Amino acid sequence: MRKLALSDEILLSVDKAARYIGGEVNSVMKMDEDGNIDPNVKVRVAFDFPDVYEIGMSNLGMMLLYNMFNEREDVWCERVFSPWMDLDKVMREKNIPLFALESQDPIRQFDFLCITLGYEMCYTNVLQTLDLSHIPLLAKDRDDSCPIVVGGGACAYNPEPLAAFFDLFYIGEGETVYDALFDAYKANKAAGGSREDFLLLAAQIPGIYVPAFYDVTYHEDGTIASFEPNRAEAPRVIQKQLIIDMEKGYRSIKKPVVPFIKATQDRVTLEIQRGCIRGCRFCQAGMIYRPTRERDIQTLKDSAREMLESTGHEEISLSSLSSSDYSHLPELVNFLIDEFKEKCVNISLPSLRIDAFALDVMSKVQDIKKSSLTFAPEAGSQRLRNVINKGLTEENIMQGAADAFLGGWNKVKLYFMLGLPTETEEDMKGIAHLAEKIAEEYYDLIPKEKRHGKIQINVSTSFFVPKPFTPFQWAGMYTEQDFIDKAKVVKDEIRAQLNQRSIRYNWHEPDVTVLEGFLARGDRRASQVILKAYEKGAIYDAWSESFDYNIWKEAFAETGVNIDFYTLRERSTDEILPWDFIDAGVKKKFLIREWEQAHKEIVTPNCRQKCSGCGAAGYKGGVCLESKN
């Protein structure tokens, strides 16, 4: 019988003990009841999401790779999540090493520790994972007895702030890289090769970046002077890897693991496409995941049926960066409604664009289960929406809102950003004015006897953070006080509206935004700040109850790193950026052109209307080829 890593006494003393015991429905076990691992397993992988269980279990990327790795007979992939602070304390006091859920074995015993990097504020949790696993925090201090520490995910597109802590990163989609990586590891192990021997082999796999094989120099002003390989095996440019044929390359999840406790997104997630045809200039995902590739409609129907039947979930989410742009969305939604209506399965349609929202689809989804509708205008004025290339007019927005109200909705969430390039006070006030117009539209359009209560409009603003591989990667940010002042402008303007009682307003914390901006565009010197902050107690920085900006301020002061250099400064387009050695498909000359177009308030058409020459067509697939077929 499998032995748990934690005693009953410990499990009864911590919050949500089910986070740590494994054994869920559909989890993969390659171990018998006596604790003997299947002899066919040659590579053991600990796959870590550096946050708590219920958040990690909602991550589609982790579940896709967990499923894919375990399809290999010679690989056993197990899950790892960050222990909450109560268990973290106990593990340190009792010297209990971090363990994987399936086998409950210590991470130090594994061949690979793969860490998914979904957001910058998890970086200190990465160090927590290494620390509790008894793995040296710095890659240079590890020997052949340590697992190979691998980083991937959206934040790996600027791996430099974490370069000191990782043995290697993969750039792109995991379906393309890991089979070759595991095969190289097996071959190196069979040949009696060392850790460095394997890293040299890995560096020659397309999409793999080994930080130790590159040197960086700096100018006196702090900008990067050079970034050069120091080994012949290391390529000068790391090319993003992705799958073009979504039928042959995509590994569908047949039996998702069913969490023991309620996950943040407690539902089946069906990925309907990758990439986005839109060219929002602030959006990193929309750039790095190009080109857009749709999945086959019949495959999606089969997959939805299989996942819902194997889990018992009562909700399915259609996942993509812009669900409305999936060519077969009405057909897929109609199928799901007809197939699962008797089982009361709710259909979640995130990432919908107002201008593409179909009234008939809305009405049918509403019939199953009512929920609030989320729209993301991003900016309050048409001028600023043109700057960010949102591609929405006020007419589009109001028509979409009207369609939503006629479809039965009376709860609307509106998402905006503050601090965007070229923003003025009128742009900020425009957020309040747009919310007011939407409220007025509801009361003008829906007769009193047909209203389901008063309209509820929740306005949320986040503060803009420039990200790598976007046209805004050169933009400067604002100070904490600047962000607070901007939020106050919106708040005061909402209070001045006639329907202010129907509008609720909340905003993101500015200190978190500033730190995220540093981590997003940092170079290798950021590693020392992250390490110092962790040593001083920083952990769970994505959680408001545990985030302590004073710790980070002390870390900056003690390391001598000037955060303003990374956040407030607007970059020159000819400056070497920390991530310039990565080819993400979208070319720098395109990003420069879009940066210039933004300042001219010129809108670039989406990929189905006209090719903008971003560079993603080089992958020979996706919507880039639609006009040529």
Sequence order, the stretch 248-259: Karplus ³J(HN,Hα) from phi using 6.51 cos²θ - 1.76 cosθ + 1.60, θ = phi - 60°, Hz rounded, Gly and Pro as x, gives 7, x, 7, 9, 4, 7, 8, 9, x, 5, 9, x
Candidate cut points under GluC sites (Glu not before Pro) in the stretch 59-153, DSSP loop plus at most 12 other Cβ atoms within 10 Å of their own Cβ, are E73
Counted neighbours (other Cβ, 10 Å), sorted fewest up, put C276, C114 in the order C276, C114
Per the 1/(1 + (r/R0)^6) rule, R0 = 45 Å and r from the Cβ atoms of Q609 and R305, FRET efficiency to 0.05 is 0.85
If each part is reduced to its alpha-carbon centroid, the stretch 511-527 and the stretch 543-572 end up apart, in Å, by 7
With a Förster distance of 60 angstrom and the Cβ-Cβ distance between H599 and V25, calculated FRET efficiency to the nearest 0.05 equals 0.65
Counting only DSSP loop positions in the stretch 128-236, the GluC sites (Glu not before Pro) whose Cβ has at most 12 other Cβ atoms within 10 Å are E220
Proxy exposure order for V177, V603 (fewest C-beta within 10 Å first) is V603, V177
The ratio Rg/Rh over the Cα atoms of the chain, Rh being the Kirkwood inverse mean 1/r radius, stands at 0.95
Distance in Å, no decimals, from the C-alpha centre of the stretch 368-441 to the one of the stretch 191-229 is 45
Restricting to Cα pairs under 8 Å and 6 or more apart, the percent relative contact order of the chain works out to 14
Nearest 10, in degrees from 0 to 90: the angle of helix 329-340 to the longest Cα principal axis of the chain is 80
Sequence order, the stretch 510-515: Karplus ³J(HN,Hα) from phi using 6.51 cos²θ - 1.76 cosθ + 1.60, θ = phi - 60°, Hz rounded, Gly and Pro as x, gives x, 5, 4, 4, 4, 5
Most exposed first, judged by fewest Cβ atoms within 10 angstrom, R571, R72, R79 run R571, R72, R79
Lone Cys, the chain, Cβ cut-off 4.7 Å -> C77, C114, C122, C146, C155, C276, C344, C607, C611, C614, C624
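Bear in mind these aren't lab numbers, they're just calculated from the coordinates by the rules spelled out. Fair warning: this is a prediction, and the values are worked out from it, not measured in the lab. Don't worry about glycine lacking a Cβ; one is built from the backbone with ideal geometry, like all the others, and counts go over all protein chains shown.
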